[in-house]
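Asks: Below is one structure. I have some questions about it.
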Amino acid sequence: MTNIAIDTELEEKKSLNFIEQKIEQDLAEGKNGGRVQTRFPPEPNGYLHIGHAKAIALDFGIAEKYNGVCNLRMDDTNPQKEDTEYVEAIKKDIEWLGFKWGKILYASDYFQQLWDLAVELIKRGKAYVDEQTAEEIAAQKGTPTVPGTNSPYRDRPVEESLRLFNEMNSGNVEPGKMVLRAKIDMASDNMHFRDPIIYRTLNIPHWRTGNKWNAYPMYDFTHGQCDYWEGVTHSLCTLEFTSHRPLYDLFVDWAKECAGDDKPMDDNRPCQTEFNKLNLTHILLSKRNLLMLVNEGVVSGWDDPRMPTISAFRRRGYSPEGIKAFINKIGYTKFDALNQMSLFESAVRDDLNKRAQRVSAVINPVKLIITNFPEGETEVYQAQNNPENEADGTHEIEFSRELWIERDDFMEDAPKKFFRLGPGKEVRLKNSYIIRCPETDCCKKDADGNVIEIYAELIPDTKTGQANSGMKIKGKTIHWVSCNHCLEAEVRNYDRLWMVENPRDEVAAYSKEQGKTRIDINDMRKFINPDSLEIKKAYVEKWCATRKPLDYLQFQRIGYYTPDYDSTAEHLIFNKTVGLKDTWKK
């Protein structure tokens, strides 16, 4: 092997994250028969947020990279919070991000297997029905430094536990009166081993299984066994599940034993590996709290562009490629970190720069009259759709005597370094002429002193390709739209929803100061930005009316925008995605 080949191989290994390194080692050792199978297991109790996008990119990305399969498995073990709306939203989000699952599965597919396993564990003396209250069980667990104490029901006869377990599913047992606990070790250093609850009674119909079940399995008792039964080779979880891993492995061992499978599992065990969550400044990712924002009307819904959900970022105009570029940039580690929102926006901005169509839109308009351009005449230009990609072509724009420009592009009493319009100043109108304001009488004002009209003359032969097109001026190039050839539009400018960098901790601390045990909407309102949405009337090119929701646009010199779902030909609406520059710098 040449030195170049060796160096290339070493460089590729360095670029692998720790999970990829582990998988490549497993493949090299022939584990799992050379297979790679992952799964993405969301609970359908809300819309997926940007934190889930990181897990999706990993679970599906690993399967793609190593010619494996990733199944989508809904963790539908809690019917009181779940809904088919959320199932469909999850599927849509994954597809929008560009991934495909092998199979769609549900934890409820395994309810009978899990029930049968629980019955077998009772028969083997590994589980028992406990009739203590939740508070008594919690107190009995001890602390990380103090061993727990045995339940008075821990050694109840097997037949009695079997009878009571069946009663738990009858619909006659009040929720909370009985639970099924695994019998492990109340003195274990791992708190999860202190006889965890594996079944509870809810008496709620399930949206898939109807009234068949009244007792439902807990997540820890469901997750590992489903992985095992499905043939998952690599179970990828976030860091909070690190302490759950020994319990995950134990339940898999018990499932194997109860099935009578005596084959060695060392090379075919589903292996749980943990990675860091995606945490962002100025964002709250708790689904419970996001649901509260929706229900209390703080936002218009799960896909309100101020929300951190994948559907909200989609509606706001973020590209899946930009989101995945950000995820790749921050990578996967074993340490949690708080990532800056500016880094996320930068990745999205870089991607949109390559794909967004350039258009003119004036958001804070004032009229500009070109006094030496004939009334009633129109010139038509070809505007480049995207200078980053010539294949995107051009579209027509009209130029006339009366134009809308941004109010900020004119100043009557301008400082020396103001290089836009003002008395005696020259600027270039994008795709058009160089114009000059007169030294005096360059504008008209209303009774309150507000400028309502600006006057300027075009300098002949200064369009691109004409004799004076190379004329040197100090002024900048400004954008415009023709008053008689533009459309009125509603522009929704979005800013951060939270005024603090770490709302999760700040809101929790404030709630605790108020003596509350759970965060409520009033705690959150204290930290919510009252100016997170600004709605303005704007003027846009006619061509904008041909754009569809989720098309990527750059309003030149302003920012990136996309047509909203509610936009119509009669009422155009555009959502701001992100500005052209970083606005997060202090």
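The values are calculated or read from the model by the stated rules, or taken from the named source; none is laboratory data. These numbers were taken from a predicted model, which means no experiment stands behind them. Please note: Cβ atoms are built from the backbone with ideal geometry, for glycine as well, and neighbour counts cover all protein chains shown. The accessibility values were calculated without ligands, DNA or RNA, using every heavy atom of the protein model including side chains. Shrake-Rupley method; radii C 1.70, N 1.55, O 1.52, S 1.80 Å.
Asks: Fully extended, how many nm does the chain gain between residue 468 and residue 512 (0.36 nm per residue separation, minus their Cα-Cα distance)? Provide the component values of the computation, followed by the final result.
Replies: Details: separation 44, 0.36 × 44 = 15.84 nm, distance 6.93 nm.
Full extension from residue 468 to residue 512 adds 8.9 nm.
Asks: Taking H as built 1.01 Å from N, whose amide H comes closer than 5 Å to the amide H of residue 578, not counting residues under 5 places away?
Replies: Here the answer is 560, since their amide H atoms fall under 5 Å of that of residue 578.
Asks: Per residue, how large is the accessible surface of the range 326-439? Use a 1.4 angstrom probe and give square angstrom.
Replies: Per-residue accessible area for the range 326-439 comes out at 48 Å².
Asks: Please find the FRET efficiency linking residue 124 to residue 174, where r is the Cβ-Cβ separation and R0 is fixed at 45 Å, and quote it to the nearest 0.05.
Replies: Here the calculated transfer efficiency is 0.95.
Asks: In the structure displayed, which of 65/277; 22/65; 416/474 lie more than 18 Å apart, Cα to Cα?
Replies: 65/277
Asks: Then there's this: Restricting things to alpha carbons, tell me how big the chain is in terms of Rg and Dmax, in Å.
Replies: Over the chain's Cα set, Rg and Dmax evaluate to 31.1, 101 Å.
Asks: Roughly what % antiparallel, to the nearest 5, for the DSSP beta bridges in the chain? Display every interim value, and only then the final one.
Replies: Working: 54 of 82 bridges.
The answer is about 65 percent antiparallel.
Asks: Enter the angle in degrees (range 0 to 90, nearest 10) between the Cα long axis of helix 50-65 and the first principal axis of the Cα atoms of the chain, meaning the one along which they spread out most.
Replies: 80
Asks: Taking the range 321-406 as the region of interest, what is the percent of Cα-Cα pairs per 10 angstrom bin, listed from the shortest bin to the one with the maximum distance?
Replies: Per 10 Å bin, starting at zero, the Cα-Cα P(r) for the range 321-406 comes out as 14, 26, 25, 18, 11, 5, 1 percent.
Asks: What share of the DSSP beta bridges in the range 392-467 is antiparallel, in percent to the nearest 5?
Replies: Of the beta bridges lying entirely in the range 392-467, close to 90 percent run antiparallel.
Asks: Got a number for the accessible area of residue 571? Probe 1.4 Å, square angstrom, nearest 10.
Replies: 90
Asks: With all protein chains present, calculate the accessible area of residue 485 using a 1.4 Å probe and round the result to the nearest 10 Å².
Replies: Approximately 40 Å² for this residue.
Asks: How much of the DSSP beta bridge set in the range 1-155 is antiparallel, as a percent to the nearest 5?
Replies: 10
Asks: Accessible surface of residue 461 in the full protein assembly, 1.4 angstrom probe, to the nearest 10 Å²?
Replies: Accessible surface of residue 461 is approximately 80 Å².
Asks: Leaving out same-chain residues fewer than 8 places away, which lysines sit with a Cα under 20 Å from that of residue 516?
Replies: Within the straight-line limit of under 20 Å, residue 516 reaches these lysines: 287, 526.
Asks: In what order, largest first, do 154, 401, 557 sit by accessible area if the probe radius is 1.4 Å?
Replies: Most to least solvent-accessible, the answer reads 557, 401, 154.
Asks: What percent does the relative contact order of the chain come to when contacts are Cα pairs within less than 8 Å and at least six residues apart?
Replies: Value for the chain: 12 percent.
Asks: For the range 117-160, treating each Cα as an identical point scatterer without solvent, what Debye log10 I(q)/I(0) comes out at q = 0.21 1/Å?
Replies: Values, matching the q order: -0.75.
Asks: So, one more: Treating cross-link reach as a plain straight distance, find the aspartates and glutamates whose alpha-carbon is under 15 Å from the alpha-carbon of residue 472, omitting any fewer than eight places away in the same chain.
Replies: Qualifying aspartates and glutamates at Cα under 15 Å: 426, 461.
Asks: Please arrange 518, 156 by accessible surface area, largest first, computed with a 1.4 Å probe and ligands excluded.
Replies: 518, 156
Asks: Keeping all protein chains in place and using 1.4 angstrom, which order do 577, 378 fall into by accessible surface area, from largest down?
Replies: Result, largest first: 378, 577.
Asks: May I pose another question? Rounded to whole Hz and in sequence order, give me ³J(HN,Hα) for the range 454-468 from the Karplus expression 6.51 cos²θ - 1.76 cosθ + 1.60, θ = phi - 60°, writing x for Gly and Pro.
Replies: So the Karplus estimates, Gly and Pro as x, are 10, 10, 7, 10, 7, 9, x, 6, 10, 6, 3, x, 8, 4, 9 Hz.
Asks: Any idea what angle helix 18-28 forms with the longest principal axis of the chain, computed on alpha-carbon atoms, 0 to 90 degrees, nearest 10?
Replies: Once rounded, the angle reads 60 degrees.
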